[in-house]
Amino acid sequence: MSVYLTLYSPAVDWILMCMFDDCDDVLFDDILKQVNQSANSALLLNGILRSAKPQSIAKKAVIFIVLIRECEDTGFPKRILYNSLGSRLSLADPPESDKLKILNEVWKFITKLKEPSEYVACAETWIEYVMKHFGKKEMNTVLSDIIKHLLPDRAFEEFYPNLLTVMTKILDHVHNYALLFSLEKFMSFVDLFQKDSIKIKAAKIIVEAFCKYQLESVNDPVVISTVMYMCKTLHDSVNALSLDDEKRSVSQLINQFIHKVDYGSNFEQQLNFYVDSRANFTNLDPVMTELVQCVNNLSITTRKVVRGNHSPKTSAFVRACSAYCFITIPSLDNTFIQLNLYLLSAQVSLLNRCLSQAEALFKAGIAALLETPSTMTVDGKAKSSEGFVVQYIQNFLSSLVIVPDNPDQGVLILFKGLLNVIRGYQFDSGETVRVKLYLAVLSSLSAISQEKYLYHVDRVESNDTLYGHDAKFLGEVEKLSVTVVDEILNHLKTLTEGFENLKVQSHVSLLTFEHIVAYADLADEAMFQLAKNLWSLSQKHSYADSKQVTKVMTLLKRKAESNEHASKLMKKING
């Protein structure tokens with residue numbers, strides 16, 4: 001009979017919707033009175049609940065509960081009427097004085113439902129009303145009742161979609177996570193999601209809601225522990241067969257959670273949180289990358305707080321931060337991210353005067369260069385990694401200029417290590433790229449041979465202070481420079497045949513000439529003669545780029561104004 005009567009619902013709903021389109025309170029009350037006196041009042045009452053404006057229903061919610069309670073239950077179940085009422089009350093609020101009375105009356109009916117499917121349908125509708133209007137006690141009571149009805153015979157396994165909807169409605173309306181996660185029955189409710197795929201969905205719903213609605217930083221241990229557990233569930237769901245989009249989505253959620261945790265001035269607790277996060281999220285490179293960035297930021301924040309004047313305690317703390325980065329970076333699969341993080345972490349360690357840690361990170365960055373793949377993926381497309389490597393080495397050199405030598409390791413040990421990498425790296429574009437890097441090395445060697453460097457790290461003594469422009473140190477710089485120049489000249493000797501080779505020879509000769517003019521001591525006869533020969537070689541076959549020649553000549557002319565040897569060189573090449 002109930003199925004038969006529901007066939008009338010669309011027509012009844014349409015008629016009543018037309019009636020309520022422009023209906024005042026007097027007419028509304030008259031309609032309710034007539035419906036209550038008619039046969040099949042449940043069908044008509046349901047039509048009113050579905051068709052009338054939510055505000056009108058909410059204002060008379062107590063009256064509707066009385067009408068539902070008094071109407072006959074033959075043919076049209078009262079649970080459908082309560083569901084319809086609950087749906088309208090989710091769109092409009094009843095008077096404040098009626099809210100608790102409505103809940104008590106409705107839940108008194110719902111809790112007596114024996115059939116799990118009927119109970120779940122009602123609970124799914126009314127949970128929103130409870131979460132919108134009531135506090136901890138009522139929330140806990142309703143969740144407890146849901147668990148009580150669905151635990152017997154594991155009935156909850158048949159209603160996972162409904163329970164996920166209940167979870168979503170709870171999280172849509174309760175944004176006080178300290179309150180929600182401290183509810184005695186909330187985690188018991190979450191435990192109902194025992195099937196792995198459903199458990200993952202529930203965890204994702206919770207983490208997404210937390211990231212969306214938790215606008216302020218959080219340090220509540222209960223909240224952090226609960227969300228960490230949910231993030232761990234998401235992390236463990238990712239494996240080698242997971243799609244990249246899924247990995248990216250999970251990583252973004254976990255990173256958002258990490259950024260919301262802030263222990264304020266308790267930096268040690270913050271670092272402990274990052275240590276726990278590293279242990280929980282080892283399989284996701286974007287998360288591990290973010291953790292290294294967060295720890296570096298924590299280290300810099302510490303430096304700002306102490307204004308660069310580290311105490312033994314803060315000094316030990318920033319060293320611990322450096323150690324965290326040194327341990328974490330090798331676990332990343334992406335070599336290019338590894339390289340950037342090694343350099344960044346080394347620079348942060350240097351700023352905090354953690355010289356041993358900075359040296360270790362620089363060395364690790366140099367070693368990682370040898371493992372760099374020949375291609376990298378950019379916007380889903382494979383491209384040569386050569387451009388990245390060249391730019392990385394140039395940035396690396398600019399940092400090495402101010403890194404002080406370790407007395408136990410020898411002079412310019414990091415420069416020598418990087419030079420060995422440049423010498424052994426296989427460049428796709430040939431030797432010209434290697435020569436450009438050799439020239440960059442010459443520029444850096446010129447910078448470190450200066451009596452006073454152009455830039456320093458605050459409270460870190462660079463080699464200009466350590467060696468004081470000592471002749472032995474300058475001798476080591478000169479030896480290394482000679483080695484680099486020899487490598488360039490050896491390459492030039494191989495470019496003697498063919499149009500393309502001669503063109504490259506001209507280009508490389510002119511670049512080398514430019515660097516000698518800019519950085520070398522032209523008073524040295526051998527250097528003067530080398531510059532002259534390089535100019536001749538660059539012009540020998542008339543392949544030199546005219547714009548580059550103009551640029552170099554402008555440089556030489558400017559230098560000749562204050563340097564007699566540069567003036568002499570200019571006369572030689574013009575004569």
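The values are calculated or read from the model by the stated rules, or taken from the named source; none is laboratory data. The structure displayed is predicted, hence computed values, not measured ones. Every residue, glycine among them, receives a Cβ derived from its backbone with ideal geometry; neighbour counts consider all protein chains shown. SASA here: full protein model, heavy atoms, side chains in, ligands and nucleic acids out. Shrake-Rupley method; radii C 1.70, N 1.55, O 1.52, S 1.80 Å.
Observations, loosely collected:
- Lone qualifier among THR377, THR328, THR372 - being under 27 Å from VAL484 (Cβ atoms), hydroxyl-bearing (Ser, Thr, Tyr) and either outside any helix (DSSP H, G or I) or modelled with pLDDT of 95 or more (or both): THR372
- Pick from the range 452-464, criterion open to solvent by 30 Å² or more (accessible area, probe 1.4 Å) and in contact (Cβ under 8 Å) with a residue 24 or more places away in the chain, ranking: nearest to SER509 (Cα to Cα): TYR455
Conditions (1) of a type in the set (S, T, N, Q); (2) open to solvent by 10 Å² or more (accessible area, probe 1.4 Å), marked per residue:
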position	(1), (2)
MET376	no, yes
LYS381	no, yes
VAL389	no, no
VAL435	no, no
LEU439	no, no
LEU445	no, no
GLN450	yes, yes
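- Being touching a Leu at 6+ places or on another chain (Cβ under 6 Å) and polar (S, T, N, Q) is a description that applies to SER251.
- Only one entry of VAL305, VAL292 meets the criterion of being crowded, with 18+ Cβ neighbours inside 10 Å and among the hydrophobic types (A, V, I, L, M, F, W, C), and that entry is VAL292.
- From VAL238, VAL250, VAL227, residue being crowded, with 17+ Cβ neighbours inside 10 Å, of a type outside the set (Ser, Thr, Tyr), modelled with pLDDT under 95 and at negative phi: VAL238
- For the range 480-499, the set of residues classified as under 16 Å from LEU530 (Cα atoms) and surrounded by 12 or more Cβ atoms within 10 Å (Cβ to Cβ) consists of SER481, THR483, VAL484, VAL485, GLU487, ILE488, LEU489, HIS491, LEU492, listed by residue number.
- Qualifying residue in the range 477-496 (condition: under 30 Å from SER542 (Cα atoms), touching a helix residue (DSSP H, G or I) at 6+ places or on another chain (Cβ under 6 Å) and outside any helix (DSSP H, G or I)): yes
- Within the range 253-264, tally of residues that are of a type outside the set (Phe, Trp, Tyr) and either free of Cβ contacts under 8 Å to residues at least 40 places away in the same chain or open to solvent by less than 10 Å² (accessible area, probe 1.4 Å) (or both): 5
- Residue tally, condition open to solvent by less than 60 Å² (accessible area, probe 1.4 Å), assigned to a helix (DSSP H, G or I) and closer than 10 Å to TYR177 by Cα, over the range 210-224: 3
- Pairs are defined by a Cβ separation below 8 Å, a sequence spacing of at least 6 or placement on different chains, a first member in the range 544-571 that is within 17 Å of GLN529 (Cα to Cα), and a second member that is of a type in the set (S, T, N, Q) and open to solvent by less than 70 Å² (accessible area, probe 1.4 Å); the pairs so defined are ALA560/SER567.
- Exactly one residue out of PHE186, PHE181, PHE267, PHE193 is farther than 30 Å from THR141 by Cα, over 18 Å from the mean Cα position of the chain (by Cα) and crowded, with 18+ Cβ neighbours inside 10 Å: that is PHE267.
- Subset of the range 380-418 that is of a type in the set (Gly, Ala, Ser) and in contact with a helix residue (DSSP H, G or I) (Cβ under 9 Å, 6 or more places away or on another chain) - its residue that is nearest to PHE336 (Cα to Cα): SER385
- Selection of the range 335-365 for residues being more than 18 Å from the chain's Cα centre (by Cα) and aliphatic (A, V, I, L, M) yields LEU343, ALA346, VAL348, LEU350, LEU351, LEU355, ALA358, ALA360, LEU361, ALA364.
- Of all residues making up the range 52-63, the number that are more than 47 Å from the chain's Cα centre (by Cα) and either open to solvent by 40 Å² or more (accessible area, probe 1.4 Å) or not β-branched (Val, Ile, Thr) (or both): 6
- In the range 149-185, residue nearest to LYS212 (Cα to Cα) [restricted to those that are charged (D, E, K, R), in contact (Cβ under 8 Å) with a residue 12 or more places away in the chain and part of a helix (DSSP H, G or I)]: ASP172
- Filter pass, LYS112 being at pLDDT 90 or above, open to solvent by 50 Å² or more (accessible area, probe 1.4 Å) and either of a type outside the set (Ser, Thr, Tyr) or assigned to a helix (DSSP H, G or I) (or both): yes
- Those helices (runs of 4 or more DSSP H) of the range 1-107 in which 3 or more residues are modelled with pLDDT under 65 occupy 2-6, 9-19, 25-37.
- Matching option when the condition is modelled with pLDDT of 95 or more, part of a helix (DSSP H, G or I), touching a Ser or Thr at 6+ places or on another chain (Cβ under 6 Å) and of a type in the set (A, V, I, L, M, F, W, C), among ILE206, ILE200, ILE146: ILE200
- For the range 66-93, taking the residues that are crowded, with 20+ Cβ neighbours inside 10 Å and of a type in the set (Val, Ile, Thr), the one that is nearest to ILE110 (Cα to Cα) is identified as ILE80.
- Scanning the range 236-273 for residues that are polar (S, T, N, Q) and assigned to a loop (DSSP other than H, G, I, E, B) returns SER237, ASN239, SER242, SER265, ASN266.
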